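J.: I have a structure I would like to understand better, so I am pasting it below and will then ask my questions one at a time.
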Amino acid sequence: MSSLTLESLFFILIFLLFMSAFFSGSETALMSVNKYKLKHRVKNNEASALRVEYLLNNTDKTLGLILLLNNFVNILASAITTLIAIEIYGDKGVAIGAGVLTFLILVFSEVTPKTFASHYADAIAYKISFLFYYALILFTPIVVFINFFSKSILKIFRVNNKSVGSDNLSNEEIKTIIQESSSKITENYEEMVLNLLDLQQVTVEHAMIPKNDVEGIDINDSEENINKRLIDINHTRMPIYTKSLNNIKGFLNKKHIPSMVQNNNIIKIEKLLEYSTEPYFIPEDTSLLSQLIIFKKEKKRIGCVVNEYGDIKGILTLDDILEEIVGEYSVSDQKDILMKNISQNKIEVHGSIQLRDINKRLGINLSDSTVTTINGYILEALQEIPQAGMTFKEDNIIIEVEKVHNNYVEKATITNNG
């Protein structure tokens, strides 16, 4: 039968099964390696990472090499098993050997090593990269020859390596990765990163101070009123305009007020425009991320949000954008006055409150592409001028109008029954 002893055949079979397990596990480890950790290690010029990157950049050749070696040892194991089975059982042993070998390969050379490798992909991949990196160089002619036929078949089905999708992630996919990594970063850091990702989707009109809530100085007002407004100024910068905010002349910085005060504590009105900076205008559909970059580039901190007709819709400051990232940090309690918690799922709001602020407070999703405040949302939902006492329901959200003045909702309660 065979010049080899039965013990020698068993030893060779065990060795071949071990090699088959090694190749199967190596394939899974290399294909399952964490791509982002790999890129980080490549940036640090780690030798093992560079080898793994080369193998993954040549996936067709790497898989061709591993499958070549794995199939070689499996076929050889099949031949050895046949010899052992015939030696023990005679001609009937061929069927027995095939069944036993199938079980052994599935359990010990496929399922077990691949499962193990999937759990410890990074630890295994970097250690075995040395072997497959140089084996790929050694067996390149054979691998290229095999891949030629493989690629020819794939072309029939119009499969092209260049057409395969990249690893680029959408914002939502990045958010999922960050949320899945929440155990490794603090809650505050996670919230800031997620808010930063949202900046590209949110436009300036969702973060601006609405026109009706803007505090400014009308230079046509009486000298007494102007002096009072300047002395009681609550903001770092205040718009200067004529009759209407649409006729804005500029922004006055609070730090310049002392230079304008006369000996009798009267502010020189004629110097208002002299100390004001030129108004800066922002299109209403500009994203917050783009505007943040523009503010930095232009060295601006405040601007007027305008619509397609050039009318001013509100004022946006750098602080408004930063609050979208880090949350409320202003010492002013103005927003707490305009939006009060009644219970865990119920709040009382002023009509000027932004829908985004309400959504964050109650964990809901009030949205309308045409409006940004709760007053606008109520008008759109009712399709009529609201009256005190009106109540309507959107999904599990109940909105009740409590106070209306000059067709404007001054107070409403919102309840989340979800």
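Every number here is computed from the coordinates shown, using simple stated rules; none is lab data. Please read all numbers here as calculations on a predicted model, not as lab measurements. No Cβ is skipped: glycine too gets one built from the backbone with ideal geometry, and neighbour counts run over all protein chains shown.
J.: Where Lys and Arg each count +1 and Asp and Glu each count -1, what net charge lies around V143 among other residues with Cβ under 10 Å from its Cβ? Walk me through the numbers on the way to the answer.
T.: Details: positive: K61; negative: D60.
Result for the local shell: 0.
J.: Step through the residues of region 195-204 one at a time and calculate ³J(HN,Hα) from phi using the Karplus curve (6.51 cos²θ - 1.76 cosθ + 1.60, θ = phi - 60°), rounding each to whole Hz and writing x for Gly and Pro.
T.: Rounded to whole hertz, the list is 5, 5, 5, 6, 4, 6, 8, 9, 8, 4.
J.: A follow-up question, please. Taking amide H positions as placed in the peptide plane 1.01 Å from N, state which residues far from I353 in sequence (5 or more) or on other chains have amide H under 5 Å from it.
T.: I374, N375
J.: Still on this model: Along each principal axis of its Cα atoms, how long is region 334-416 end to end? Whole angstroms, biggest number first, please.
T.: For region 334-416, the Cα extents along the three principal axes come out at 29, 24, 20 Å.
J.: Could you give me the percent of Cα pairs per 10 Å distance bin for region 267-418, shortest bin first, beginning at zero and ending with the bin that holds the maximum distance?
T.: Taking every Cα pair in region 267-418, the percentages come to 9, 33, 31, 20, 6, 1.
J.: Next question, about the same structure. Listed highest first by mean packing, meaning other Cβ atoms within 10 Å per residue, what order do 63-72, 249-258 come in? Present the calculation step by step, with values, prior to reporting the outcome.
T.: On the way: 63-72: 18.2, 249-258: 16.0.
Listed from highest to lowest mean packing, they are 63-72, 249-258.
J.: Rounded to whole Hz and in sequence order, give me ³J(HN,Hα) for region 393-410 from the Karplus expression 6.51 cos²θ - 1.76 cosθ + 1.60, θ = phi - 60°, writing x for Gly and Pro.
T.: 10, 10, 6, 9, 10, 9, 10, 10, 7, 10, 8, 10, 9, 6, 6, 10, 6, 8
J.: Can you give the net charge of the other residues whose Cβ lies under 12 Å from the Cβ of V52, counting K and R as +1 and D and E as -1?
T.: Net of charged neighbours comes to +3.
J.: Let me ask something else. GNM on the chain, C-alpha springs below 10 Å: top fluctuator among N45, N407, N246?
T.: In the Gaussian network model the winner is N45.
J.: Right, something else. Tell me the label only: which of (i) 17, 36, 30, 14, 2, 0; (ii) 18, 32, 22, 18, 8, 1, 0; (iii) 22, 51, 25, 1 is P(r) over Cα pairs in 20 Å bins from 0, in percent as calculated from this structure?
T.: (ii)
J.: A 27 angstrom limit on the alpha carbon distance is what I want to check against. Which of K255/K297; K346/K403; K211/K340; K184/K296; K37/K155 exceed it? It would help to have the intermediate numbers written out before the result.
T.: Working: K255/K297 23 Å; K346/K403 17 Å; K211/K340 22 Å; K184/K296 31 Å; K37/K155 33 Å.
Violating the 27 Å Cα-Cα cut-off are K184/K296; K37/K155.
J.: With Cβ to Cβ distances under 14 Å as the rule, what net charge do the other residues near V404 carry (K, R +1; D, E -1)?
T.: Result for the local shell: -2.
J.: Let me ask another. How about K254: which lysines have a C-alpha closer than 17 Å to its C-alpha, ignoring those fewer than 8 places off in the same chain?
T.: K228, K268, K271, K300
J.: Could you identify which residue out of G90, G314, G25 has the top mean-square fluctuation in a GNM of the chain using Cα springs shorter than 10 Å?
T.: In the Gaussian network model the winner is G90.
J.: Starting from the Kirkwood Rh over alpha-carbon pairs, what translational D in µm² s⁻¹ does region 6-163 have by Stokes-Einstein at 37 °C and 0.692 mPa s?
T.: Using the Kirkwood radius from Cα pairs, D works out to 190 µm²/s.
J.: Okay, moving on. Quick one: compute the contact order of region 277-386, relative version, from alpha carbon pairs under 8 angstrom and 6+ residues apart, as a percent.
T.: Details: 100 pairs, mean separation 15.5, N = 110.
Computed over region 277-386, the figure is 14 percent.
J.: A further question on this structure: Calculate for the chain the 222 nm mean residue ellipticity that helices alone would give, adding -39,500 (n - 2.57) per DSSP H run of length 4 or more and normalising by residue count, nearest 500 deg cm²/dmol.
T.: After summing the helix terms and dividing by the residues of the chain, the value is -16000 deg cm²/dmol.
J.: Name the most mobile residue of R229, R41, R356, meaning the one with the largest mean-square fluctuation, in a Gaussian network model of the chain with Cα contacts below 10 Å.
T.: R41
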